[in-house]
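Shown next, in structure tokens, is the structure this report addresses.
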Amino acid sequence: MAKKKESKGLEKIKLDFSKLLLGSIIVNVLFLLYGVVTYLNPLIDLTVMRVMLGVCFIILGAYAIFEFTQKDKNPLFNLNIVWGILAILTGLLAIINPFNINKIFTFTLGIYLVIIALSRILDAIKLKKIGYDGWSLIITIGIILLIFGVFIMINPARMEDVETASIFVILASILEICNYILLYTKKEDILKLLNPKKGK
């Protein structure tokens, strides 16, 4: 009976982990579509683009918090409550724009990329600790996103062009989608490493 319960528990963890990863892929695909739409419509009003970006941040943040509530002892989602709150605050900053300048659009994009980058780097460190070989690719994705974010925050004036900002959104989204696809394809290996007793 104990083994059956343990087996059912492991299957539930696998199913929940799979659903969360698929959800993350879908959310980032939506963010990618946002980047493509704005790139194909370079004459779009910056205010409209800023509000749309803010909404995307809020959706991503809300999903990160949802992942945290569903983590079921999975350490990969332990800090999602922090990333989620920061993403939502970034989204609200983009929408409300208390400084009433368009530079806030690119600055908030930079902040968000830094938040995501730090999240990926910490994920990679956790995966390295449990012995997962794919951690190096994830930390590489995190470092690239961090470079994007810092570059945008340091050079907001150069990023006022809608097309340029959209390219960064597209590239960041593709990197995030690749990251989650990698985790999804290796989900069983990761869960076995996270739960060695249950994986036997």
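All of the numbers you see were taken from the coordinates with simple rules; none came from a lab. What you are looking at is a predicted structure, and each value in this text was computed from that prediction instead of being measured. Cβ coordinates were reconstructed from backbone atoms using ideal geometry, including for glycine residues, and neighbour counts include every protein chain displayed.
With the simple model of a label 7 Å out from the Cα in the direction of the Cβ, Cys178 to Lys19 spans 3.0 nm.
In this Cβ point-charge picture (+1 for Lys and Arg, -1 for Asp and Glu), segment 17-195 has a dipole of about 500 debye about its Cα centre. Computed from label points 7 Å out along Cα-Cβ, the spacing between Ile26 and Ile154 is 3.9 nm.
For Thr47 and Lys187, the difference between the fully extended length at 0.36 nm per residue and the C-alpha to C-alpha distance is 46.4 nm. Projecting the Cα atoms of Cys56, Val82, Ile167 onto the dipole axis of segment 17-195, where Lys and Arg carry +1 and Asp and Glu carry -1 at the beta carbon, places Val82 farthest toward the positive end.
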